[in-house]
Amino acid sequence: MDDAAIEAMRRAAETPEIADAAGAMLAADDLTAAFVADPLIDWFSRTDGRKTEMRRGFFRHVLKALALPSGQIQRPSTGGAAAVWMPSEKLGPNPLLEELRALPVLIGLTGWRRFMRIVGLRDVMDEHHPMETPHDYLFFLGVTPQAQGHGVGSRLIRSHLARLDAIGRPAFLETATEPNVRLYSRHGFKVLSEWRPAPDGPVNWSMWREPQAPE
């Protein structure tokens, strides 16, 4: 990706589009590429030749079934990055029918050998997710590898945080990479807890951001 394309993506990330159904599938492809080496997703994902295919199916299912109806998928008009936000009021146990529909996707993602890892993960994540105060949850933020390190993700998240600040609403996220802790800290997030999904799992950080007054 050349400098002109990077700069176009940077500018587009400052005023992202809200994805429709077609845009959500493109965002899922970008997130598949962005999370190719994520420690947490790697921990519960299958390791064979179908890994990328199944991971793409997982992102497409999550965006279609959860983010489109209940949240917001933001992406630069150029593509190459996506931020998925969910209002905490929409989070909670899925209806049984939705759980059953998701089952083949999850087994495809993990394979049978690692399926119980993702089953247990949800309970651990819930333990570290404060739900008492309404907030926006940054479900995913990803930039494709060739565009990483150029401020695209920062511009993408900053646009939404400005809206949250304007209405006095907090934000929450989890990350499994220490560089991301530093990135999100620069945007006002503070670490609430450090945890592992299991003794052999990667370290994760839960982070909270109070709304901030305009500078």
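The values are calculated or read from the model by the stated rules, or taken from the named source; none is laboratory data. Quantities reported herein were computed from a predicted structural model and do not represent experimental measurements. Neighbour counts run over all protein chains shown; Cβ positions are idealised from the backbone, glycine included.
Per-structure values
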read-out: Condition check for Met86: touching a residue at least 12 places away in the same chain (Cβ under 8 Å) and more than 14 Å from the chain's Cα centre (by Cα); value: no
read-out: Leading residue by the ranking (surrounded by the fewest Cβ atoms within 10 Å (Cβ to Cβ)) among those in the stretch 61-71 that are without any contact (Cβ under 8 Å) to a residue 60 or more places away in the chain and either part of a strand (DSSP E or B) or of a type in the set (Gly, Ala, Ser) (or both); value: Ser70
read-out: Any chance Ala5 is touching a strand residue (DSSP E or B) at 6+ places or on another chain (Cβ under 8 Å) and closer than 22 Å to Ser159 by Cβ; value: no
read-out: Test: Ser45 is under 30 Å from Gly151 (Cβ atoms), touching a helix residue (DSSP H, G or I) at 6+ places or on another chain (Cβ under 7 Å), hydroxyl-bearing (Ser, Thr, Tyr) and at pLDDT below 95; value: no
read-out: Given (1) over 17 Å from the mean Cα position of the chain (by Cα); (2) touching a residue at least 12 places away in the same chain (Cβ under 8 Å), index of the condition Trp112 fails; value: (2)
read-out: Residue in the stretch 20-28 that is over 28 Å from Arg163 (Cβ atoms), at pLDDT 95 or above, crowded, with 20+ Cβ neighbours inside 10 Å and within 14 Å of the chain's Cα centre (by Cα) present; value: no
read-out: Hits in the stretch 18-60 (condition: of a type in the set (Ser, Thr, Tyr) and either out of contact with any Phe, Trp or Tyr (no Cβ under 7 Å at 6 or more places or on another chain) or outside any helix (DSSP H, G or I) (or both)); value: Ser45, Thr47, Thr52
read-out: Selection from the stretch 34-58 of residues that are among the small types (Gly, Ala, Ser) and over 13 Å from the mean Cα position of the chain (by Cα); value: Ala37, Ser45, Gly49, Gly57
read-out: Every residue from the stretch 158-175 that is farther than 17 Å from Glu14 by Cα and out of contact with any Phe, Trp or Tyr (no Cβ under 8 Å at 6 or more places or on another chain); value: Ile167, Gly168, Arg169
read-out: Where Gly188 falls short, out of the listed (1) at negative phi; (2) touching a strand residue (DSSP E or B) at 6+ places or on another chain (Cβ under 8 Å); value: (1)
read-out: Which listed residue, of Ser185, Ser193, Ser159, Ser206, is crowded, with 19+ Cβ neighbours inside 10 Å and polar (S, T, N, Q); value: Ser206
read-out: The one condition in (1) touching a Leu at 6+ places or on another chain (Cβ under 7 Å); (2) aromatic (Phe, Trp, Tyr); (3) exposed (fewer than 14 other Cβ atoms within 10 Å of the Cβ) that Trp112 fails to fulfil; value: (1)
read-out: Tally, over the stretch 154-194, of residues that are under 14 Å from Leu121 (Cα atoms) and touching a Ser or Thr at 6+ places or on another chain (Cβ under 7 Å); value: 1
read-out: Single condition Arg10 does not satisfy, out of (1) charged (D, E, K, R); (2) surrounded by 18 or more Cβ atoms within 10 Å (Cβ to Cβ); (3) more than 13 Å from Ala81 (Cβ to Cβ); (4) over 13 Å from the mean Cα position of the chain (by Cα); value: (3)
